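Below: the structure, in structure tokens.
The values are calculated or read from the model by the stated rules, or taken from the named source; none is laboratory data. A quick note: this is a predicted structure, and the numbers were derived from the prediction, not measured. Note that each Cβ is placed from the backbone with ideal geometry, even for glycine, and that neighbours are counted across all protein chains shown.
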Amino acid sequence: MSDAAHPDTLAHRDALAHRDALAHPAHAAHHATPLPSPAHPILTDDYATEWMGLEVLALGDGSATVATTLRREMLNGFGIAHGGMIFAIADSAFALACNPHTPEEDDNTITVAAGVDVNFLAPADVGERITAVAARRAAAGRSGLYDVQVFATSASEAARSETAPTEPAPTEPAPTEPAPTQAASTQAASDGASPARVPEPRLIAEFRGRSRTIPKR
């Protein structure tokens, strides 16, 4: 048996690596610059995605990242994010990952959801930044399997990250300049000289979608 990986397997690994890199807390997805609109051909007449205010942050072969800010009309009677809204945000990321985003020969097919499993892990509040990261896990014939992780970043954390002063790069002290003491370093930190802390997103939902490629109507 050959040890060479199948090209499809390599593509799936690349998609997963893309997803993991974007979803890692060290990467503040809410700072990413949205792609020009419409970032994907299927968004041209997608009025639901437009209503949700989704921004497309990244697109790849079998992967997509979208984000929006949770508005009051997206809440349920408990004052937290409606599950249907979280599902819809994840579903849009799923759709973008399933369908090619680059100009290709039209084969008169589209890829849609055949089934979905979703687990809601934590609530989200109005004003929070919601980010959905989708990646293909497997594909065979006309069927595919995709994972979508949904994250929330609190409005206060995002605001602090965006307004906190950025510390300049440290320079080498002059030979005659004494090294700062521990007390001085502690005081500098208390005075706000420390670098801005990147807010850590919370994982609020996991979505697994099964896709099916069908003829266009």
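Among the residues of the stretch 133-140, is there at least one that is of a type in the set (Val, Ile, Thr) and under 20 Å from Arg217 (Cβ atoms)?
no
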Give the residue, chosen from Ala58, Ala155, that is in contact with a Leu (Cβ under 8 Å, 6 or more places away or on another chain) and at pLDDT below 95.
Ala58
